[in-house]
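What follows is a short report on a single structure.
The values are calculated or read from the model by the stated rules, or taken from the named source; none is laboratory data. All values reported here derive from a predicted model rather than from experimental measurement. Counting neighbours? That spans all protein chains shown, and the Cβs are built from the backbone with ideal geometry, glycine included. These area figures cover heavy atoms from the full protein model, side chains too; ligands, DNA and RNA do not enter into them. Shrake-Rupley method; radii C 1.70, N 1.55, O 1.52, S 1.80 Å.
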Amino acid sequence: MTLTFEERLTRLADTDLNIERIRSIEKAFGSDNKKTLAIPGRALVGEGVLIKECRKKPKPRYFFLFNDILVYATIVINKKKYIAQHIIPLKDVQIKSINDSENPKLKNGWLIMSPKKTFNVYATTSKEKFEWMTHISNCIEKISNNERKGYDQIKNLDIAPKWIPDKEADTCMLCKAVKFTMVNRRHHCRYCGHVICGDCSKNKFLIQSQSDEPLRVCNKCFETLSSDQRIKIDNNFTSTDSSDESDAENEQFNHNSNDTKFYSTGNNF
């Protein structure tokens, strides 16, 4: 008898092997494990290395696809040590394929969109991209039957902006006057994703879909948000979001399609 995707996930979640895999992931995160990953009913659907477009440059990140969350992290020692854990609930996720012509250096990509994070990822091959997108879509569809109230509501979620990479902006994208140097640092507006200078981003604003704390926004977005009569806080600050940039990561890591494994493709686990 051929099992449905949801039936395969249910069986997978109940296996000792699935629990063992998830426990080994928690061990690899060590103190960086933010939340318990091994909970009843959770299944590890797949895992592998993808190239994530970070603010400074594209970097390899290890991704774990569960039936209800997507987790990614910085690689220190592959399969043994990860840091900078990020958890994205799949109930908030949308994905969109990226045409290979959009980036001549990176192919087989797609956009991952959510209220907290939006970014591009790239697979090694078109087959690997298809497998990732298919499994993510299947997990989202399964959740949509229970936790999401239709595609129209999904489309209306507050999606975090995709950050413009640092290398694509030599000058402030708002004032067009300040040239970035070691002194004049780049900053990102958390509402539009543009690269701006310090003078053009002196305000921070509470964007509830992204954080419980006020976040840096550019002057233009601050005016727009303020006009909407939302909670606002006017305060200078100097921090930048570097949670996905780590000095401890393995910059020499090379990956191939063999790094990716999916555990829900058959009837037996």
Expected sort for 180-189, 28-37, 46-55 on mean C-beta neighbours within 10 Å, highest first, is 46-55, 180-189, 28-37
Mean Cβ-within-10 Å packing, highest first, puts peptides 57-69, 78-90 in the order 57-69, 78-90
Heavy-atom accessible area per residue of the range 162-213, all protein chains kept, 1.4 Å probe, expressed in Å², is 56 Å²
Scoring only Lys, Arg, Asp and Glu (+1, +1, -1, -1) among other residues with Cβ under 12 Å from the Cβ of TYR122 yields +2
accessible surface per residue for the range 30-95, probe 1.4 Å, DNA/RNA/ligands not counted, whole Å² -> 35 Å²
HN-Hα couplings for the range 205-217 via Karplus (6.51, -1.76, 1.60; θ = phi - 60°), in whole Hz with x for Gly/Pro, come out as 9, 7, 9, 4, 6, 9, 7, 8, 10, x, 10, 5, 9
The set of residues whose placed amide H lies less than 5 Å from the amide H of LYS116, leaving out same-chain residues fewer than 5 positions away, is ALA160
Taking placed amide H atoms and a strict 5 Å upper bound, the residues 5 or more places from PHE66 or on another chain that come that close are VAL45, VAL71
In the range 1-143 the accessible area split gives carbon plus sulfur, as whole percent at 1.4 Å, a share of 53 percent
If every Lys and Arg gets +1 and every Asp and Glu gets -1 at its Cβ, then about the Cα centre the range 1-102 yields a dipole, in debye to the nearest 20, of 600 debye
Within the under-10-Å Cβ sphere about LYS162, not counting LYS162, Lys/Arg +1 and Asp/Glu -1 give a net charge of 0
